[in-house]
Amino acid sequence: MSVLYLDCCSGISGDMTVGALLDLGADAEALAAGLASLDLPGWKARHARAMKGVLAGTRFEVEVEGTG
């Protein structure tokens, strides 16, 4: 069994957390199905590999209609 500890003494960002979990191997299709089951209109979620400087990871973004 694997254990993951999150040390969030200064808070934690939801999009960054989801991106990190996807990067660790969380099932992206299960995430998409779960989000779709919320039946909330007017949004899109996407994720992709990203680089910022020398750091690589998975970027997770949610776009809400009328805010972008």
> What are the residue pairs meeting all of these: first residue in region 41-68, first residue surrounded by 10 or more Cβ atoms within 10 Å (Cβ to Cβ), second residue modelled with pLDDT under 90 and in a loop (DSSP other than H, G, I, E, B), Cβ atoms under 9 Å, and 6 or more apart or on different chains?
Replying inline: W43/E65; K44/E65
>> Anything in region 17-45 that is farther than 13 Å from E61 by Cβ and not in a helix (DSSP H, G or I)? List them, or say none.
In response: L24, G25, A26, D27, S37, L38, D39, L40, P41, G42
>> Considering only region 44-55, I want to know if a residue exists there that is of a type outside the set (A, V, I, L, M) and over 15 Å from the mean Cα position of the chain (by Cα).
In response: yes
> How do the pairs read when you match residues in region 7-35 that are more than 17 Å from A48 (Cβ to Cβ) and open to solvent by 80 Å² or more (accessible area, probe 1.4 Å) with residues anywhere that are at pLDDT below 90 and part of a loop (DSSP other than H, G, I, E, B), using Cβ under 7 Å and keeping only pairs 6 or more apart or on different chains?
Replying inline: I12/L6
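The values are calculated or read from the model by the stated rules, or taken from the named source; none is laboratory data. Since the structure is predicted, the reported quantities are computational estimates derived from the model, not experimental observations. Counting neighbours? That spans all protein chains shown, and the Cβs are built from the backbone with ideal geometry, glycine included. Note: areas computed on protein heavy atoms with side chains; ligands, DNA, RNA excluded. Shrake-Rupley method; radii C 1.70, N 1.55, O 1.52, S 1.80 Å.
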